[in-house]
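Undergrad: Here's a structure for you.
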Amino acid sequence: GLIITGLTYGALIAVYPAMISRIYGVTKGVRIYGIVFTAWGITGLVAPWTAGWLYDRTQDYTLGLIIAGCLSLMSAISGQKSKP
């Protein structure tokens with residue numbers, strides 16, 4: 001499982017800048033890439049802390065997983081509605 005995750009994650013990081021530039025153009029692509037990875041970094045700092053806090057309060061992972069699932073669904077819907 002970890003090998004597949006590592007390979008696909010590495011492929012995503014390599015393809016992402018080209019994909020964004022192709023969709024939005026080079027000028028907008030650079031700005032969007034910066035915004036996306038700033039959000040990714042902030043999430044990487046906040047989400048584990050929040051999940052740990054929720055677990056400490058409830059002694060269960062269910063609420064954290066529900067919140068993560070809802071945010072993922074909202075992101076997918078938002079991505080489908082946005083236009084370049």
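Okay, residues lined up against (1) over 20 Å from residue 68 (Cβ atoms); (2) touching a residue at least 60 places away in the same chain (Cβ under 8 Å); (3) of a type in the set (D, E, K, R):
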residue	(1), (2), (3)
13	yes, no, no
16	yes, no, no
19	yes, no, no
22	yes, no, yes
25	yes, no, no
34	yes, no, no
40	no, no, no
44	no, no, no
50	no, no, no
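Undergrad: Would you be able to say whether some residue in the range 54-62 is in a helix (DSSP H, G or I), touching a helix residue (DSSP H, G or I) at 6+ places or on another chain (Cβ under 8 Å), in contact (Cβ under 8 Å) with a residue 12 or more places away in the chain and among the hydroxyl-bearing types (Ser, Thr, Tyr)?
TA: No, because not a single residue in the range 54-62 is in a helix (DSSP H, G or I), touching a helix residue (DSSP H, G or I) at 6+ places or on another chain (Cβ under 8 Å), in contact (Cβ under 8 Å) with a residue 12 or more places away in the chain and among the hydroxyl-bearing types (Ser, Thr, Tyr).
Undergrad: Among the basic types (Lys, Arg), modelled with pLDDT of 85 or more and over 20 Å from residue 75 (Cα atoms): which single residue out of 31, 22 fits that description?
TA: 22
Undergrad: Would you point out the residue of the range 62-84, among those that are surrounded by 10 or more Cβ atoms within 10 Å (Cβ to Cβ) and of a type in the set (Ser, Thr, Tyr), that is nearest to residue 47 (Cα to Cα)?
TA: Residue satisfying both the conditions and the ranking: 72.
The values are calculated or read from the model by the stated rules, or taken from the named source; none is laboratory data. Keep in mind it's a predicted model, so treat the numbers as computed, not measured. Glycine gets a Cβ as well: all are built from the backbone with ideal geometry, and neighbour counts include every protein chain shown.
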